[in-house]
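The block underneath contains the structure these notes are about, expressed in structure tokens.
The values are calculated or read from the model by the stated rules, or taken from the named source; none is laboratory data. Model, not experiment: these values are computed from the prediction. Note: ideal-geometry Cβ built from the backbone for every residue, glycine included; neighbour counts use all protein chains shown.
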Amino acid sequence: MERAPALDIEPTARERANPLAGAVRWLFRTQEGILLVVLIALCLLLARLSPVFASERNIFVLLSQMSMTAIVAIGMTLLIVAREIDLSVGSMQAFVGVVAMQALNATEHLLAGLAVALLAGVAVGLVNAGLTLKLKINSFIVTLAMFSIVRGLAYTFTAASVQNHHKLESFRAIGTGFAFTLPGIGRVPWPVVIAAAIFALFAVILNKTTFGRAVYAVGGNPRAAELSGIRVDLIKTLCFVITSVLAALAAFILISRMNSGQNNAGFGFELQVIGAVLLGGASLAGGQGTLLGTLLAVLLLGTLNNGIVLLGINSSWQVAVNGLVIVIAVLLDARRRRSLGQD
Amino acid sequence: MAAVQGQPGMRAPARVGGWRRALLPVVRHEELLLLLLFLAVVAFFMVVEPSARSTTAYLNLLRDISPNLIAGVGLTLLLLSGEFDLSIGSMLAFSGVATVSVFNATDSMWLGILAGLLTGPLVGAVNGYLVCVQGMNSLMTTLGMMFVLRGIVYVWTNKTPVVDENKFTAFTAFYQSDVLGVPAPGLIALALIALGHVMLTRTEFGRNIYAIGGNPTAARVSGIAVNRNKFLLFVLSGTTAAIAGVLVASQTGTGYFDAGVQGFELVVIASAVLGGVSLNGGEGTLVGSMLGVLTLGMTGKGLRLMNVHITQQLVVTGIVMLIAVYLHGVRKRLLIESRSWEE
């Protein structure tokens, strides 16, 4: 079964004889390899240009900011590999944030708030899956409608934002606190630990379990998957629910960082996440993409934005540079496909 | 059908209830279904809201949604060929800001409008080059271009609205003016729709669009210059978006850096899909798509007349969209079934 877009080229005899040549080929011929090279080059450049970049504080601020995008992008990778999409994750940031903050204010209990957030995620995921699979409507359309509906629901709960009235210390810690100290490196923030744990969990699920293999099979060829006994609708439903639940978790971290649930949170977030997933090598045609690629793409986009701020460049360039990186990545991908004759 | 029944050797017709036969015209003609849907929405608001009973409300509706109609013309033709353009929301800001900036730089209204309109073919050609010549995925490419253009506008304007220093009253008066009782921007929209409809239904170019969208390989084999036609469609989509952008700027004589930022591209795509355009290309009509824009526009307008909060507006818009898309699916199934009614 094919996993990564470019791993389907057989190594040449010379490369088999020389493992180093194989590694070099991985670095320069696969999406993950290229992203890694570019990311390292960018980090070296920024470390040279700005003394602040490589500091413990900056690196962890950078990673904390990216953790929410990374968490949602992990779910989105599964969904895109399974040949579906979710445009409602941006609106979820507003809806879940508002609802969870209200639940926290009402119960003054961290786990109750978290449970409400995750249940809201399950609910939206099931609605997305039900409409897509039972009514047989394209998921692009279903989640586009949900993009509107979920944002509307966020407005029904509050006119602007829900403030933190419960003053739970554990709540603030989730977004801004530190989990533990790594000797020689520094204090690691909670959002980074959560994102890393989720990445590890899903890396195992996607690569080592029947479910993971089924996700690739469903996206690569749904008909063949169905005929070989895979329950396509069940797999896709799980992918929808996972994406929504992870979006809800990201929203929970977001309200902890902002200390309020705002109904205008997450405008354009869905396209940022999808942009990162596709930059990481996933294909909208399904069946292709890796979590490593997605993670590297999220890191690259986040580092670029961080660099723009550190170098004192007008922060408005962030948006343009993000777009340019996506265009260049798609261009490189198109050229590589052509040179491989996969046109 | 009676004649068929009398012929020897024919299978006896399935017994079909009268209500199903009454549905036949709707099943056969998609536009009729959409017109009925639109009229149902209008009738609903006429019953519940007295101010929706005046003619001016509908003329104002035409004025309000003229940018969506105009940008929808180019986008619909592109969607029919099986490609996407997500950059039209950013185009709205880009062309508007270009128009007013050139006003201020040259003190000439016509040069400004010309500059604003020219941004359309320019950006369209870039999109077209990347997709048709470089072979890049259009959803990804125009997603990237969406960020690139928005970023350029942010940097250019420093996130402040560009105000027309010359106060060209002719520019703002045009948007508010009526010709023979019809709003001038609406007339431009109607003219472009008529032009697009004739092009789509009466010319070789139009037939090629359906052929390309339906089956690109077959189109190529039968001698259609697929890439050249698609390139033209990208230029067209950029151009209609630029016209819409200049109109938005003329509402108040201001170039807004955030015009279209709340998902203009997604709303126009949603309208086209509501109007029966398939995202896979090759299926749908321009008239249907425009009825889709009107239906969504009327839903929003009616709710605003009723002073319904934006909350429910978003929710209702999403639900109307889902109902419409579901009805298209039902219609398609009935269409297939209806063939057996006549046997």
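The condition of being within 30 Å of A:S50 (Cα to Cα), in contact with a helix residue (DSSP H, G or I) (Cβ under 9 Å, 6 or more places away or on another chain) and either away from every other protein chain (no Cβ under 11 Å) or polar (S, T, N, Q) (or both) holds for only one of A:L249, A:L238, A:L300, A:L278, that being A:L300.
Per-residue answers, yes or no, for (1) of a type in the set (G, A, S); (2) farther than 27 Å from A:V327 by Cα; (3) part of a loop (DSSP other than H, G, I, E, B):
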site: B:M136; (1), (2), (3): no, no, yes
site: B:K167; (1), (2), (3): no, yes, yes
site: B:F171; (1), (2), (3): no, yes, no
site: B:F174; (1), (2), (3): no, yes, no
site: B:P185; (1), (2), (3): no, yes, no
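For region B:138-165, how many residues are basic (K, R) and part of a loop (DSSP other than H, G, I, E, B)? Spell out the reasoning first.
Of region B:138-165, the ones basic (K, R) are B:150, B:159.
When the remaining residues are screened for being part of a loop (DSSP other than H, G, I, E, B), the result is B:159.
Of the residues in region B:138-165, 1 are basic (K, R) and part of a loop (DSSP other than H, G, I, E, B).
Could you check, for region A:297-310, whether at least one of its residues is small (G, A, S), in contact (Cβ under 8 Å) with a residue 40 or more places away in the chain, within 30 Å of B:T157 (Cα to Cα) and buried (at least 22 other Cβ atoms within 10 Å of the Cβ)? Yes, there is a match, as at least one residue in region A:297-310 is small (G, A, S), in contact (Cβ under 8 Å) with a residue 40 or more places away in the chain, within 30 Å of B:T157 (Cα to Cα) and buried (at least 22 other Cβ atoms within 10 Å of the Cβ). Mind listing just one residue for me: the one in region B:278-333 that is outside any helix (DSSP H, G or I) and of a type in the set (S, T, Y) and, of those, surrounded by the most Cβ atoms within 10 Å (Cβ to Cβ)? Filtering first and then ranking leaves B:T285. Of all residues in region A:164-216, count the ones that are among the aliphatic types (A, V, I, L, M), surrounded by 14 or more Cβ atoms within 10 Å (Cβ to Cβ) and farther than 30 Å from A:A103 by Cα. Total meeting the criteria: 5.
Answer yes if at least one residue in region A:257-273 is crowded, with 24+ Cβ neighbours inside 10 Å, assigned to a helix (DSSP H, G or I), among the hydrophobic types (A, V, I, L, M, F, W, C) and out of contact with any Ser or Thr (no Cβ under 8 Å at 6 or more places or on another chain), and no otherwise. Checking region A:257-273: not a single residue is crowded, with 24+ Cβ neighbours inside 10 Å, assigned to a helix (DSSP H, G or I), among the hydrophobic types (A, V, I, L, M, F, W, C) and out of contact with any Ser or Thr (no Cβ under 8 Å at 6 or more places or on another chain).
Within region B:37-68, the set of residues being outside any helix (DSSP H, G or I) and touching a residue at least 40 places away in the same chain (Cβ under 8 Å) comprises B:E49, B:I65. Taken together, the residues in region A:174-189 that are under 28 Å from A:I74 (Cα atoms) and free of Cβ contacts under 8 Å to residues at least 40 places away in the same chain amount to 6. Taking A:L182, is it away from every other protein chain (no Cβ under 14 Å), more than 23 Å from A:T294 (Cα to Cα) and either out of contact with any helix residue (DSSP H, G or I) (no Cβ under 6 Å at 6 or more places or on another chain) or small (G, A, S) (or both)? So A:L182 fits the description; yes.
Of the residues A:A248, A:A334, A:A320, A:A297, the single one that is assigned to a helix (DSSP H, G or I), closer than 30 Å to A:V116 by Cβ and hydrophobic (A, V, I, L, M, F, W, C) is A:A248.
Filtering region A:132-157 to residues that are among the polar types (S, T, N, Q), more than 10 Å from chain B (Cβ to nearest Cβ) and either free of Cβ contacts under 8 Å to residues at least 40 places away in the same chain or part of a loop (DSSP other than H, G, I, E, B) (or both) leaves nothing.
Tally up the residues in region B:212-231 that are part of a helix (DSSP H, G or I) and among the hydroxyl-bearing types (S, T, Y), please. Spell out the reasoning first.
Step one: list which residues in region B:212-231 are part of a helix (DSSP H, G or I), which gives B:212-214, B:216-221, B:226-231.
Filter again for among the hydroxyl-bearing types (S, T, Y), leaving B:217.
The total comes to 1.
Within region B:249-265, being in a loop (DSSP other than H, G, I, E, B), facing chain A (nearest Cβ under 10 Å) and not β-branched (V, I, T) holds for B:F257, B:Q262, B:G263.
Among the residues making up region A:223-257, those that are aliphatic (A, V, I, L, M) and free of Cβ contacts under 8 Å to residues at least 40 places away in the same chain are A:A224, A:A225, A:L227, A:I230, A:V232, A:L234, A:L238. In region A:4-15, is there at least one residue being within 21 Å of B:M140 (Cβ to Cβ), modelled with pLDDT under 80, surrounded by fewer than 22 Cβ atoms within 10 Å (Cβ to Cβ) and not hydrophobic (A, V, I, L, M, F, W, C)? Within region A:4-15, one or more residues are within 21 Å of B:M140 (Cβ to Cβ), modelled with pLDDT under 80, surrounded by fewer than 22 Cβ atoms within 10 Å (Cβ to Cβ) and not hydrophobic (A, V, I, L, M, F, W, C).
Considering only residues that are assigned to a loop (DSSP other than H, G, I, E, B) and away from chain B (no Cβ under 14 Å), look in region A:158-179 and name the one that is modelled with the lowest pLDDT. Full working, then the answer.
Within region A:158-179, the subset assigned to a loop (DSSP other than H, G, I, E, B) is A:158-160, A:164-168, A:177.
Filter again for away from chain B (no Cβ under 14 Å), leaving A:164-168, A:177.
On the way: A:N164: 86, A:H165: 84, A:H166: 84, A:K167: 81, A:L168: 84, A:G177: 86.
Ranking the qualifying residues of region A:158-179, first place goes to A:K167.
Number of residues in region B:202-249 that are farther than 20 Å from B:V123 by Cβ, polar (S, T, N, Q) and touching a residue at least 60 places away in the same chain (Cβ under 8 Å) equals 1. The one condition from (1) within 11 Å of chain A (Cβ to nearest Cβ); (2) surrounded by fewer than 18 Cβ atoms within 10 Å (Cβ to Cβ); (3) of a type in the set (V, I, T) that B:T203 does not meet is (1). Restricting region A:303-343 to residues that are of a type in the set (S, T, N, Q) and within 11 Å of chain B (Cβ to nearest Cβ), the residue that is nearest to A:L284 (Cα to Cα) is A:Q342. Pick from region A:100-128 the residues that are surrounded by 24 or more Cβ atoms within 10 Å (Cβ to Cβ) and within 14 Å of chain B (Cβ to nearest Cβ): which of them is farthest from A:L254 (Cα to Cα)? The qualifying residue farthest from A:L254 (Cα to Cα) is A:N128.
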